[in-house]
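Peer 1: Below you will find the structure I want to go over with you.
The values are calculated or read from the model by the stated rules, or taken from the named source; none is laboratory data. A quick note: this is a predicted structure, and the numbers were derived from the prediction, not measured. Neighbour counts are summed over all protein chains in view; Cβ atoms, including those assigned to glycine, are modelled from backbone coordinates with ideal geometry. Surface areas here come from the heavy atoms of the whole protein model, side chains and all, with no ligands, DNA or RNA. Shrake-Rupley method; radii C 1.70, N 1.55, O 1.52, S 1.80 Å.
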Amino acid sequence: MLTMDNSSLIRAWQACFKPEAGWRQESIPGLAPILWCAEDNGACTYLTPSCGSTMDLARSLADGGRFPEMSWAAAVTQTTGRGQLGRKWETAAGNLCATIRLPDQAAGAGTLLPLTIGLLIADELKNHVPAPQIKWPNDILMGKKKTGGILVEERQGMIMAGVGLNVEVVPSMDHHVQGYRIPACSLKEFACRADAPALWRAIADRFNTDLMHLLSAPDDLKDRMTQVLAFSGDSVIHENGTGEGRLVKISGIDTAGGLIVETPEGTRTIYSGQINPRITI
């Protein structure tokens, strides 16, 4: 059974989604032991007090035919979530972790997809905190500290996007490969008054209204991304996924979501890997 504290948390999350038919509790063997479901406009919203990974929960629900496009799976706490390059992403109560199944129309967007999701989140965060930024290709920064991340996975024709935000709690530091790191932070440190359930509701609304429009207007997306691009004009380390790092200077974003950089050989556009500031530990 849920504790009183967990019950209160669940009610706070449920209050942000008010489907016409209300919430019902489900028991699905092999999934989260406590799972609530609500249906609205052909999509489903699932909520659990705790799970290993909302991405894995969403996949299991989809495999069982229970997770249509634009459905969400969210957890109050997450114990074995993952981020880019398989890094661990734990979520404490008070933070946000949720996964959405994106429309099949989003297939083929490539690097543009996590940037579009990042922009939707940054646009909402502007209502609560000053100057959120996006670190290419999939991190949300505040004051050059990491407060959130996005993970997009496509499997068997289904595209899932996991969203994690440190709303109230700062996780333990996870050192990046090659000895580089970006400190973690919470939105609360920047005077954010919205809690995780309210942010989830607002971000979900933005997905419904803006996602496909942005993907269909890459020039608009490029211009808006340029305004929130972290480390623009700075020299950073580009890691190509093989353990090698190279110094480049960020110039901007192209309409395909690639990062335009200056190198000793001239201007290049990169579509994979990650970037980190020149901070060593």
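Peer 1: If a residue has to be part of a loop (DSSP other than H, G, I, E, B) and within 17 Å of the chain's Cα centre (by Cα) to count, how many in segment 195-238 make the cut?
Peer 2: Residues in segment 195-238 being part of a loop (DSSP other than H, G, I, E, B) and within 17 Å of the chain's Cα centre (by Cα): 2 in total.
Peer 1: Output yes when any residue across segment 251-261 is open to solvent by 20 Å² or more (accessible area, probe 1.4 Å), in contact (Cβ under 8 Å) with a residue 40 or more places away in the chain and not in a loop (DSSP other than H, G, I, E, B), and no when none is.
Peer 2: No; the residues of segment 251-261 include none that is open to solvent by 20 Å² or more (accessible area, probe 1.4 Å), in contact (Cβ under 8 Å) with a residue 40 or more places away in the chain and not in a loop (DSSP other than H, G, I, E, B).
Peer 1: Let me ask something additional. What's the total number of residues in segment 126-149 that are touching a Ser or Thr at 6+ places or on another chain (Cβ under 7 Å) and either in contact (Cβ under 8 Å) with a residue 60 or more places away in the chain or under 22 Å from Val261 (Cβ atoms) (or both)?
Peer 2: Residues that pass the stated criteria total 3.
Peer 1: Return the residues of segment 17-47 that are modelled with pLDDT under 90 and of a type in the set (Asp, Glu); say none if nothing qualifies.
Peer 2: Glu20, Glu26, Asp40
Peer 1: Mind listing just one residue for me: the one in segment 215-231 that is surrounded by fewer than 17 Cβ atoms within 10 Å (Cβ to Cβ) and in contact (Cβ under 8 Å) with a residue 24 or more places away in the chain and, of those, farthest from Glu124 (Cα to Cα)?
Peer 2: Asp219
Peer 1: Could you list, in sequence order, the residues of segment 89-111 that are open to solvent by 20 Å² or more (accessible area, probe 1.4 Å) and either touching a strand residue (DSSP E or B) at 6+ places or on another chain (Cβ under 7 Å) or assigned to a helix (DSSP H, G or I) (or both)?
Peer 2: Trp89, Glu90, Ala92, Ala93, Arg101, Asp104, Gln105, Ala107
Peer 1: Then there's this: For residues that are outside any strand (DSSP E or B) and either charged (D, E, K, R) or touching a Ser or Thr at 6+ places or on another chain (Cβ under 6 Å) (or both), tally how many sit in segment 150-166.
Peer 2: Residues flagged as outside any strand (DSSP E or B) and either charged (D, E, K, R) or touching a Ser or Thr at 6+ places or on another chain (Cβ under 6 Å) (or both) within segment 150-166 amount to 1.
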